[in-house]
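Chemist: Starting off with a structure, shown below.
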Amino acid sequence: MNGNREMTRGFVTGLRAVLDTVGRSPCDVVICPPAHLIGIMADLADGSSIAIGGQDCHVEESGAHTGDIAAEMLADAGAELVIVGHSERRTDHNETSDLVRNKAAAAHRAGLTAIVCLGETESERDSGAALSVVEEQLAVSVPHSCDATNTVVAYEPVWAIGTGRTPTLDDVAEIHAQLRRQLSERFPSGPAVRLLYGGSVKPNNAAKLLAIDNVDGALVGGASLDLRDFLAIIDSCP
Ligand code: PGA
């Protein structure tokens, strides 16, 4: 819940200018703004390599759900992706993995790529349950319609989001190896599903996190509000 139209114009124009000058970005760049900025961002990014995504969607295509937004509406506004199951949705709105799976399926129905988020809380990590929590969340949150072209999975330990703290590189590697194994067992294109790490990704730690096996990208929160930091993280992509 950050940003307004003025900030959006400066951010997308600045980002575009750099990516257009470089010729190509070292990675695929997606911006997922609040819903009211999707249309304007999609227009500003039109013809560039920047894709736009939403931060949440409803499971239904339309209907009496005041205040909600359908995946089809996000697509209509110019989004190509949508985040589902972010920890703030799971916590603030009591979203369960069952609901997250239905939202991801709704994204697929609308032709969007679902970015499915999961991750353990601090007490789950401290009690040694991180692997089992993430295993269960992945099993329930990812729908049967998943393939490598329509689904991205983001591991975001809840305690690392917005705190400046990150797991050890070994801990990230362990979780991502498990995610990869699970996805590969369940889906033919599981080995190619992109796995993002998220939670306090900053210019000073991005290169190390992005170099870990099975970490294919980053989900960036706070550092994406500063264009220079965001560009520095893009530059850290191997
Ligand atoms: P952060 O946020 O990068 O500020 O920790 C991550 C997120 O919001 O998913």
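Any read-out appearing in this document is the output of simple, stated calculations on the displayed coordinates, not a laboratory observation. Bear in mind that the values here come from a model prediction, so they are computed numbers and not experimental data. Cβ sites come from the backbone with ideal geometry, for glycine too, and all protein chains shown count toward neighbours.
Chemist: With each label point set 7 Å from Cα along the Cα-Cβ vector, what nm distance links residue 62 and residue 5?
Modeler: For the pair residue 62/residue 5, the computed spacing is 2.6 nm.
Chemist: Would you calculate a helix-derived [θ] at 222 nm for the chain, using -39,500 (n - 2.57) for each DSSP H run of n ≥ 4 and dividing by the full residue count, to the nearest 500?
Modeler: -12500 deg cm²/dmol
Chemist: Would you work out the charge dipole size for the chain about its Cα centre, treating the Cβ of every Lys and Arg as +1 and the Cβ of every Asp and Glu as -1, and quote it to the nearest 20 debye?
Modeler: Value, rounded to 20: 460 debye.
Chemist: Which distance in nm do the two modelled labels at residue 21 and residue 149 give, with both placed 7 Å along the Cα-to-Cβ direction?
Modeler: Between residue 21 and residue 149, the simple spin-label model gives 3.6 nm.
Chemist: A further question follows. What's the extension gain from residue 28 to residue 13 if we count 0.36 nm per residue and subtract their Cα-Cα distance?
Modeler: Going from the current span to full extension adds 3.7 nm.
Chemist: Now for a different question. Hey, can you grab everything whose amide H is under 5 Å from the amide H of residue 115? Only 5+ residues off in sequence or another chain; H modelled, so Pro and N-termini drop out.
Modeler: 82, 83, 84, 152
Chemist: Still on this structure: Could you rank the peptides 93-105, 64-76 by their average count of other C-beta atoms within 10 Å per residue, with the highest value first?
Modeler: 93-105, 64-76
Chemist: Let me know the shape class of segment 79-238, please: from the alpha-carbon gyration tensor, a ≥ b ≥ c as square roots of the eigenvalues, rounded when a/c is under 1.5, otherwise prolate if a/b is greater than b/c, or oblate. Mind showing how you got there, number by number?
Modeler: On the way: a/c = 1.37, a/b = 1.23, b/c = 1.11.
Cα axes put segment 79-238 in the rounded bin.
Chemist: Between residue 185 and residue 173, what is the label-to-label distance in nm when each label sits 7 Å out along the Cα-to-Cβ direction?
Modeler: Between residue 185 and residue 173, the simple spin-label model gives 2.2 nm.
Chemist: Shifting gears a bit: Which of the listed residues, 201, 191, 145, is farthest toward the dipole's positive end in segment 89-238, when Lys, Arg count +1 and Asp, Glu count -1 at the beta-carbon?
Modeler: Checked the options; the winner is 145.
Chemist: Oh, and also: By average Cβ neighbour count within 10 Å, what is the ranking of 5-14, 156-165 from highest down?
Modeler: 156-165, 5-14
Chemist: For residue 89, what is the net charge nearby, where nearby means another residue's Cβ is under 14 Å from its Cβ and Lys, Arg count +1, Asp, Glu -1?
Modeler: -4
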